[in-house]
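Readers should treat all values here as calculations from the given coordinates under stated rules, not as data from a laboratory. Note that the structure is a prediction, hence the values are computed from the model and not measured. Quick reminder, even Gly has a Cβ in these numbers, built from the backbone with ideal geometry, and neighbours come from all protein chains shown.
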Amino acid sequence: MKKRLLAIFCALFLLAGAVPSAAALEGEAARAADTLAALNIVKGSGGSYALDEPATRAQAAVLLVRLAGAEREAAGTAVSSGFQSAPAWARSAISYISRQGWTSSATVQAFRPDDTITADAWCAMLLRMLGYSSKAGDFTADEAAVFAQRIGLVSRSWFGPLTRGDLFQIMRDALTFSYKDDGAAVVERLIQKGVCSQAAAGALGLLSQELTARQIADRCSSAVFCLNVYTTQKELDFQIPSAQASGFF
């Protein structure tokens, strides 16, 4: 029994050590943007991606269409009347994701293209693109980010308004996630549609099943839990536990 407990505590210690600190997370957004740029999804001038700027819903629509490999298709179809007054550079993308059912908005006023997009709204769009449906009960729009983490679409908890860098990190996670209908990964669909080459995807490690320590930590950290024991009301009021424990599912 002692050996078993020791093994569990060792595993928890190793997992805790693998979870990245705030300093380790610096540059993740830039690396995600570079990956997406190499796949012709993100366009940046000289590596300037405005990572810290708030991401608008119009920008999210354009990026979603590119992630789906549908930029040419969206540009070649007529814009529905409800989106004629949307910004010209995003008009076709917003209209396209509406026709595809990736957003429930049918007008510019309902879509609010200039508003900052939230984690739930962005994850809901991604989930619908991948074949999940809020109408069918797969997820709820106000908890889309939680559901996305639960199924492994995103590697950590996201909430509230997002920056452009946040969008890029979530998109990078989505590249190796599979569509619900046929099990093909997002990056595989992009290769099939000619958006990027297999060589480029392979060079970026997107076609390999091997995971880095960071990816393993991201995927497993949500299964780790902490228990605080309060034996008196005073301990609870002052948040001073009399005992603590941790474990994992």
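With a Förster radius of 30 Å applied to the beta-carbon distance between Ala50 and Tyr179, the computed FRET efficiency rounds to 0.55. Between Leu207 and any residue 5 or more places off or on another chain, the built amide H atoms are never under 5 Å apart. Filter the chymotrypsin sites (Phe, Trp or Tyr not before Pro) in the range 156-193 to those in DSSP coil with at most 11 other Cβ atoms within 10 Å of their Cβ, and list the result. Those satisfying the criteria are Phe159. Between Phe225 and Phe248, the contour length at 0.36 nm per residue exceeds the alpha carbon distance by 7.7 nm. Backbone amide hydrogens, once placed in the peptide plane, bring Phe248 within less than 5 Å of Phe225, excluding anything fewer than 5 places away on its chain.
Among the chymotrypsin sites (Phe, Trp or Tyr not before Pro) in the range 49-156, those placed in a DSSP loop whose Cβ has at most 11 other Cβ atoms within 10 Å are Trp89. Dividing the C-alpha radius of gyration of the range 95-249 by 2.2 N^0.38 Å, with N its residue count, gives 1.30.
Near the amide H of Thr163, within less than 5 Å, lie the amide hydrogens of Ala55, all on another chain or at least 5 residues away, with H placed in the peptide plane.
Potential lengthening of the chain between Asn40 and Phe159 amounts to 40.1 nm, from the contour at 0.36 nm per residue minus the alpha-carbon distance.
Loop-located GluC sites (Glu not before Pro) in the range 132-235 (DSSP state other than H, G, I, E, B) with a sparse environment of at most 15 neighbouring Cβ atoms within 10 Å: Glu210. One decimal place: the segment Trp89-Ser104 gains 3.3 nm when fully extended, by the rule 0.36 nm per residue minus the C-alpha distance. Here the dipole of the range 83-151 is about 260 debye; that uses its Cα centre as origin and unit charges on the Cβ of Lys and Arg (positive) and Asp and Glu (negative). Couplings 3J(HN,Hα) of the range 180-196, computed from phi: 5, 6, 10, x, 6, 6, 4, 5, 5, 5, 5, 5, 4, 8, x, 6, 9 Hz, in residue order, whole Hz [Karplus 6.51 cos²θ - 1.76 cosθ + 1.60, θ = phi - 60°; x for Gly and Pro].
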